[in-house]
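For reference, the structure discussed in these notes is given below.
The values are calculated or read from the model by the stated rules, or taken from the named source; none is laboratory data. What you see is a predicted model; the values in this text were computed from it and never measured. Positions of Cβ are generated from backbone atoms using ideal geometry, with glycine treated the same way; all protein chains shown enter the neighbour counts.
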Amino acid sequence: MESQFTIRLPADLSRKVKEKAKRLRLKRSDIVRMALTEFLEGPDEDMPVYDRVKHLVGSIKTGIPDLGLNHSKYFLQKLKANHRTRG
């Protein structure tokens, strides 16, 4: 059984919902349902940060085998290279 809610939104939030609905060609109620579902079924705020992002660990291939150990070295190299191209 479905139930109906009536809510009041601040003008800026209402505008964002309306814009998103128009862009996605959905009803405003669909956008609100999607947002509520994401919020309610998303990660629990009591969940440790690592558990929230562990699915991302190791998901990017850089071709640099020691990036995890020497990330500062590579970061500084990248900063210096960017500085040279701008200067």
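Okay, residues lined up against (1) in contact with a helix residue (DSSP H, G or I) (Cβ under 9 Å, 6 or more places away or on another chain); (2) outside the structural domain of K78 (by TED's automatic domain parsing):
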position: D12; (1), (2): no, yes
position: K27; (1), (2): yes, yes
position: D30; (1), (2): yes, yes
position: R33; (1), (2): no, yes
position: T37; (1), (2): no, yes
position: D51; (1), (2): no, no
position: V57; (1), (2): yes, no
position: K61; (1), (2): no, no
position: I64; (1), (2): yes, no
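If I ask for residues that are among the charged types (D, E, K, R) and assigned to a loop (DSSP other than H, G, I, E, B), which ones from the range 31-66 would you list? Explain how you work it out, then say what you get.
Start the filter on the range 31-66 by keeping residues that are among the charged types (D, E, K, R), which leaves 33, 38, 41, 44-46, 51-52, 54, 61, 66.
Across the range 31-66, the qualifying residues are D44, E45, D46, K54, K61, D66.
Does L9 satisfy the criteria of being at pLDDT 90 or above, part of a loop (DSSP other than H, G, I, E, B) and of a type outside the set (K, R)? Against the criterion (at pLDDT 90 or above, part of a loop (DSSP other than H, G, I, E, B) and of a type outside the set (K, R)), L9 qualifies.
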